[in-house]
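What follows is a short report on a single structure.
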Amino acid sequence: MTSKIMTSERLMIRHSFRQSAWQQLSLIPAFISLTTLFVSGCGHHRDTVQPAAQQTAPEQPIQQSQPAQPQQTARIPITPVPPGGVSEEDMQFVQTHSPILSELGMATWYTAPYKGRKAANGQVFSDTALTAAHRTLPMGSLVTVTNLKTGQSAAMRITDRGPFVDGRIVDLTIASAKATGIYRAGTAEVRLDVYQTPKPIERGGRWCVQIGAFKSEHKAEKLKDDLLRKYPNANVIEFPGQDSYWVRIRPQGDNREQAEFIARHLRPSESEAEAFLTRLD
């Protein structure tokens, strides 16, 4: 009896095991189907992903506005003249042409404060050259200076700037002063005749205002600071002269109209200081 019961129990367990195995096997297709669907879904997602957009350079940070800085002014190019100031061709040109401009005024003579000093045209100043200084004629202009008292006359080239004294129109080298009979007298009334200019007289040019002479360096520096505040885009310098100090202001672009405006409205604090419009080139 007991043997039959055990046999019956074994049959039931075997049936149950077969049924369970069958159920497990029946689940395999569904598992495979789900796996396939999952893999297929992932593959489709990869195919539809768009490529990343190309990265551009990072934006530059916005720069804060800076206070206006004085514009750097360019150097004035050298304007060479013949050795000795004038050439034979210059002398012949003066003799065969009429002047294009004449000016009357007082002339003086000057010398360099030290050996090797450069004139405003960029060449080394020479006492023995027939040259002169003028405030506004283009550098390298060919002129004659005639002593109205003695009638002595000489041709020369403009290579320097000055004289910065009211009422005087031309400063001569020692050689030019001797050639016109002005050396011993020191000053004389003259007629200045312009025969040739490398650049136009009335148009263009590079201009500035020169102020002086100041006996006090402190007053010159104060004027410089005042001008820098009033004209922030200009170039302003203070420099020593012979026993005095000077201030020069170059407006933006060395503009003539602006320089003339500054010269008209400038009122130096020191009574002996004057403002002179002058051409740099």
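The values are calculated or read from the model by the stated rules, or taken from the named source; none is laboratory data. Remember, predicted model here, so these are calculated numbers, not experimental data. Neighbour counts run over all protein chains shown; Cβ positions are idealised from the backbone, glycine included. Just the protein is used for accessible areas: all its heavy atoms, side chains included, with ligands, DNA and RNA removed. Shrake-Rupley method; radii C 1.70, N 1.55, O 1.52, S 1.80 Å.
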Cβ-placed point charges (K, R +1; D, E -1), dipole of region 139-252 about Cα centre in debye, nearest 20: 180
Carbon/sulfur fraction of accessible area - region 168-239, other protein chains in place, 1.4 Å, %: 46
Cα-based shape type of region 186-270, given that a ≥ b ≥ c are square roots of the gyration tensor eigenvalues and the cut on a/c is 1.5: oblate
Karplus (6.51, -1.76, 1.60) ³J(HN,Hα), θ = phi - 60°, over region 145-156, in Hz, Gly and Pro reported as x: 10, 10, 6, 6, 7, 9, x, 5, 9, 8, 8, 7
Pairwise Lys count, region 118-219 - Cα closer than 25 Å, eight or more residues apart or different chains: 4
Per-peptide average of other Cβ atoms within 10 Å, ordering 218-231, 168-181 highest first: 168-181, 218-231
FRET efficiency, Val165 to Asn233 (Cβ-Cβ, R0 35 Å, nearest 0.05): 0.70
Gyration tensor over alpha-carbon atoms, region 136-231, equivalent ellipsoid semi-axes in Å: 31, 19, 9
Surface accessible to a 1.4 Å probe, Glu189 within the full protein complex, Å²: 100
For peptides 157-163, 248-254, sequence by mean Cβ density within 10 Å, most packed first: 157-163, 248-254
